[in-house]
1. Enumerate the calculated ³J(HN,Hα) couplings along segment 84-91 in order (Karplus 6.51 cos²θ - 1.76 cosθ + 1.60, θ = phi - 60°), each rounded to whole Hz, writing x wherever the residue is Gly or Pro.
2. Starting from the residue with the highest accessible area, list VAL356, VAL409 in decreasing order, probe 1.4 Å.
3. Kindly report the accessible area of segment 100-175 per residue (heavy atoms of protein chains, probe 1.4 Å, no ligands, DNA or RNA), in Å².
4. Each residue of segment 153-167 in order: what ³J(HN,Hα) in whole Hz does its phi give by Karplus 6.51 cos²θ - 1.76 cosθ + 1.60, θ = phi - 60°, with x for Gly and Pro?
5. Which entries in LYS63/LYS188; LYS116/LYS164; LYS188/LYS372; LYS164/LYS372 show an alpha-carbon gap greater than 22 Å?
6. Any idea how far apart SER374 and ARG434 come out in nm if each label point goes 7 Å out from Cα toward Cβ?
7. Out of the total accessible area of segment 284-353 (probe 1.4 Å, heavy atoms of protein only), what percent is carbon and sulfur?
8. Quick check: with the 1.4 Å probe, what order do SER89, SER500 take by accessible area, largest first?
Amino acid sequence: MDCHTALFLCLSLVTSQSGAAEAAQEPQQWMERMEAALRGRNWINSAELIHGLEYRLLNATFKGNNLTLQTPTIQILAFKLGCDFAGLSLNSDAMERIPQARAPHAMQFPTELTQKACRARPRELRLICMYFFTASFFQNDNSPLLNNYVLGAQLGHEHVNNLKEPINISFWHNQSLEGYTMTCVFWKEGASKRHWGVWSPEGCRTEQPSPSQVLCRCNHLSYFAVLMQLSPAPLPAELLAPLTYISLVGCSISIVASLLTLLLHFHSRKQSNFITRIHMNLHASVLLLNVAFLLSPALAVLSVPGPACVALAAFLHYALLSCLTWMAIEGFNLYLLLGRVYNIYIRRYVPKLCAVGWGVPACLVLLLLAIKNSSYGRRIIPLSGSQGNSTGFQNMSMCWIRNPEVHYVLVMGYGGLTTLFNLVVLAWALWALRRLKARKEAPGTWACRDTVTVLGLTVLLGTTWALAFFSFGIFLLPQLFLFTIFNSLYGFFLFLWFWSQRCRAEAEAEAEAEREAFDSSQMMQ
């Protein structure tokens with residue numbers, strides 16, 4: 001080997017080592033640049049800062065199998081992974097503590113993480129884990145984040161999603177989180193016009209193993225956080241047993257009553273009018289709602305596959321919307337009856353009402369499933385213990401709507417509009433009935449029978465659902481019991497109203513027949 005060749009090799013070795021050192025320093029310098037922008041409020045662009053850090057970490061060269069970098073508010077871990085990846089668990093207790101990290105956190109990656117990438121092209125993969133102890137780079141208009149922590153992960157340039165085994169991200173807090181609604185979310189880039197992204201709960205499931213811990217089970221890689229929303233006082237744990245018992249008994253009685261009404265109606269040989277057919281559709285919707293509600297907690301256990309819980313949650317939502325819609329149809333029909341004084345003729349009236357009563361809820365649920373099917377699934381309902389410690393902390397789960405926005409719009413909003421409409425119709429109907437009675441009878445005859453009519457109309461129009469809007473302050477406990485009793489027995493009350501009206505109609509028909517027979521006998525004499 002001549003001296004020129006030896007010199008060239010030495011220069012190449014020195015150049016490669018210095019290049020590697022510079023490549024490893026690039027992410028650190030970029031992190032310091034982010035810190036400077038954070039301190040000086042000299043915002044460049046949050047998306048540019050985050051993407052720039054990702055690019056430098058994915059292209060950095062370092063010795064060994066892992067790299068650790070940190071600044072006062074950012075901590076980075078990078079790993080070289082192979083296709084024999086057996087899973088990885090990271091815990092902040094095993095990492096070097098930095099001043100801004102006030103509460104512990106952890107991330108657990110399943111063995112499935114690298115399988116898709118290795119099937120496409122086996123190679124060495126780079127996993128980067130980013131811990132931001134400030135939410136300043138992910139600002140939007142949502143609720144505050146738990147601890148202001150954002151934990152992110154990325155596997156090379158791969159898009160990792162739809163994992164069968166979830167990625168577990170744990171957040172702890174130094175105080176109890178009772179009284180807050182916690183929602184696991186990820187940063188959905190490009191979903192907002194005002195910011196470079198928005199927090200979304202899609203693909204993530206929220207659990208609370210203890211009062212101070214939130215466990216996020218997500219089926220994809222991204223930046224994760226926990227949204228905190230101040231909620232009304234959670235349901236006291238000691239009330240769970242009596243409320244569950246009332247719901248179970250009341251819904252069971254309503255199921256039997258609705259089923260019996262439908263069977264007797266179909267068994268009857270008499271041709272039913274359009275009013276009876278509307279009543280039967282309402283009974284059918286109440287029957288579906290009660291059955292779905294009783295099945296919901298049973299399918300919310302972890303041993304049941306997620307798609308089954310999603311399907312039941314969507315069906316429960318559909319049954320509730322159908323029930324509310326048929327209540328509004330009852331109010332509309334009552335308005336026509338009294339407004340037109342029983343002179344109603346609309347071509348194919350009942351089929352049109354069925355298209356509204358069953359079709360509109362179906363369209364809303366199917367549209368929601370097509371746009372955001374993660375809105376349905378296992379919903380955790382926090383329960384507060386009387387002692388206020390971990391031993392008194394419980395959770396109740398059911399298959400229901402997980403997205404708060406969907407719940408407010410398509411449950412509370414929809415129910416509020418239908419209930420308000422029926423309350424207005426009820427007030428107008430009572431005024432109209434009073435006027436009719438005043439024309440036909442003496443004022444003193446407004447008594448027992450009309451009181452029963454008022455109560456029946458109140459039940460028929462489902463105005464007891466308005467109790468759902470009184471779950472605050474001193475009204476909370478009375479509202480819980482009254483709402484549970486009245487609405488779990490709603491099918492039974494409908495049963496009593498329907499058969500009382502039927503018996504009343506049959507009694508009036510018999511009286512009318514006797515009167516006609518008496519008149520005919522008088523004429524023959």
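The values are calculated or read from the model by the stated rules, or taken from the named source; none is laboratory data. Quantities reported herein were computed from a predicted structural model and do not represent experimental measurements. All Cβ positions, even for glycine, are placed from backbone atoms using ideal geometry, and neighbour counts span all protein chains on display. Calculation scope for accessible area: heavy atoms of the full protein, side chains included, ligands and nucleic acids excluded. Shrake-Rupley method; radii C 1.70, N 1.55, O 1.52, S 1.80 Å.
1. 9, 4, 10, x, 8, 10, 10, 9
2. The ordering from most to least exposed comes out as VAL409, VAL356.
3. Computed with neighbouring chains in place, this is 45 Å² per residue.
4. Running phi through 6.51 cos²θ - 1.76 cosθ + 1.60 with θ = phi - 60° gives 8, 8, 10, x, 9, 7, 9, 8, 8, 6, 6, 6, 9, x, 8 Hz.
5. In this structure, LYS63/LYS188 exceed 22 Å between Cα atoms.
6. Going from the SER374 label point to the ARG434 one covers 5.4 nm.
7. Solvent-exposed carbon and sulfur of segment 284-353 make up 70 percent of the total.
8. Final ranking, largest accessible area leading: SER89, SER500.
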